[in-house]
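Peer 1: Got a structure for you, questions after.
Coordinate-derived values only; no laboratory data. Keep in mind that this is a model prediction, so the values were computed, not measured. For neighbour counting, all protein chains shown are included, and Cβ atoms are generated from backbone atoms with ideal geometry for every residue, glycine included.
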Amino acid sequence: MLNLLSAELSRLFKNKLFRFALVLVAGVGVFEIVMEYMDGKSMGTSTSLDASFFSFIFIVGVCTAVFTSMFIGTEYSDGTIRNKLVVGHRREQLYICAYVTSLCASAVMMALWFVVYFTLGLLLLGGPVLGAPQMLAFIGISILTIMAFDALYVLVSLLVPNKASAAVACMLLFFGLLIVAAVINGMLDAPEFVQDYSITANGVELMDPLPNPKYLSGMKREVYQFIYDFLPSGQAIQLMVAAVLHPIRMALCSLGIMAASVLGGVHVFKKKDIK
């Protein structure tokens with residue numbers, strides 16, 4: 001198992017796509033910091049480190065969607081997975097190694113983002129508005145969110161042998177979840193009352209606020225809020241805007257997604273016909 005994992009990690013750091021992803025992550029980080037700094041200067045407003053810090057969830061999420069699917073897909077196309085099984089490695093070992101490799105790739109990307117933001121970001125933008133305990137808690141939740149995304153990508157990539165199809169499936173999964181979370185976010189942000197107005201001879205007159213029929217309340221709101229907290233994309237949006245209502249629930253949901261994806265993926269992968 002350790003030899004198998006060591007070989008996977010060695011292959012990881014030699015992978016050109018992984019190196020390109022690191023350059024992309026660093027480049028996007030520098031670009032966002034510089035843009036935040038220039039916007040603050042031009043508008044005469046103060047800037048802070050955490051204004052765009054948590055956007056790394058989206059950047060790393062996209063990069064790992066492509067990398068994981070292509071990395072695992074290459075093993076399928078080259079016959080590496082079949083050869084590993086022939087020499088005696090168990091399927092659950094292959095699955096766990098694939099997941100750990102994906103986690104390591106994400107960890108390096110996140111570490112690089114942190115280095116960029118906590119050096120250049122502190123220099124140009126200043127410290128974060130969030131307190132240290134809250135900042136650390138949000139970082140912890142964001143790491144679990146990325147781990148949940150990785151679990152889903154590995155599940156898709158090991159069940160779809162064609163690497164191009166797997167890459168498309170992972171990207172569709174990421175953006176599909178993001179669209180669903182954005183829609184739910186809009187529904188949850190709908191105001192309870194809407195302002196009505198009328199046009200009279202004296203101009204526009206404001207009327208008494210009216211109940212908003214699109215406002216979610218009661219059990220329906222609780223259900224949508226739970227789905228929003230459960231989805232990794234919903235967690236990413238909440239962390240991005242620093243509006244986390246249920247941090248413990250979000251962390252537990254990410255752990256649940258990881259456990260379900262890995263256990264379910266191993267079960268299905270053990271029955272899959274490897275050609």
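Peer 1: In terms of Cα to Cα distance under 19 Å, which lysines are near enough to residue 271, apart from those fewer than 8 places away along the same chain?
Peer 2: List returned: 84.
Peer 1: If a helix is a whole DSSP H run, which ones in the chain reach 27 Å or further along their own axis (Cα) and hold a mean Kyte-Doolittle hydropathy of at least -1.0?
Peer 2: Numbers: long enough: 16-43 (40 Å, 1.02); 56-77 (30 Å, 1.55); 91-116 (38 Å, 1.32); 132-159 (41 Å, 1.90); 163-188 (37 Å, 2.09); 247-271 (36 Å, 1.10).
What comes out of the filter, once short or polar helices are dropped, is 16-43, 56-77, 91-116, 132-159, 163-188, 247-271.
Peer 1: So if I place +1 on the C-beta of Lys and Arg and -1 on the C-beta of Asp and Glu, and nothing else carries charge, what would the dipole magnitude of the chain be about its Cα centre? I want it in debye, nearest 20. Could the numbers behind the result be given before it?
Peer 2: On the way: 18 positive and 17 negative charges, 329 e Å.
The dipole magnitude comes to about 1580 debye.
Peer 1: While we're on this one: Among the listed pairs 16/272; 16/270; 16/163; 14/272, which have their C-alpha atoms separated by more than 19 angstrom in this model?
Peer 2: Working: 16/272 29 Å; 16/270 30 Å; 16/163 16 Å; 14/272 29 Å.
Among 16/272; 16/270; 16/163; 14/272, the Cα-Cα distance tops 19 Å for 16/272; 16/270; 14/272.
Peer 1: Specify the residue with the greatest mean-square fluctuation among 217, 77, 254, computed from a Gaussian network of the chain linking alpha-carbon atoms under 10 Å apart.
Peer 2: Between 217, 77, 254, it is 217 that shows the largest mean-square fluctuation.
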